[in-house]
1. What ³J(HN,Hα) values, in whole Hz, does the Karplus curve 6.51 cos²θ - 1.76 cosθ + 1.60 give for the range 35-48 when θ = phi - 60°, with x put for Gly and Pro?
2. In whole Hz and in residue order, list the ³J(HN,Hα) couplings for the range 4-16 that follow from phi through the Karplus curve 6.51 cos²θ - 1.76 cosθ + 1.60, θ = phi - 60°; x for Gly and Pro.
Amino acid sequence: MQGGALVGRTGEALGQIVVEVGDVSGVICEIAAASHRLALDTERLTERVGRFNVGAGGAASGPVRRRAA
């Protein structure tokens, strides 16, 4: 194979790597956004459970605790 052809193939391979890295970066951003939404939803749920416990005569503050199995 000629040197020029190898350079061309190398350039094509590097171009494909750039495209793939961009795709992976996009997926990572989507995962980060979903994780953030999940954290916010978990926080809201914890608040609501805490309010429910207060309304039902439970403790006024503190984390929700699991009962021993």
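1. So the Karplus estimates, Gly and Pro as x, are 5, 5, 4, 4, 4, 5, 5, 5, 4, 4, 4, 4, 4, 5 Hz.
2. x, 5, 5, 4, x, 5, 5, x, 5, 5, 5, x, 5
No value in this document is a laboratory result; all are computed from the given coordinates. Remember, predicted model here, so these are calculated numbers, not experimental data.
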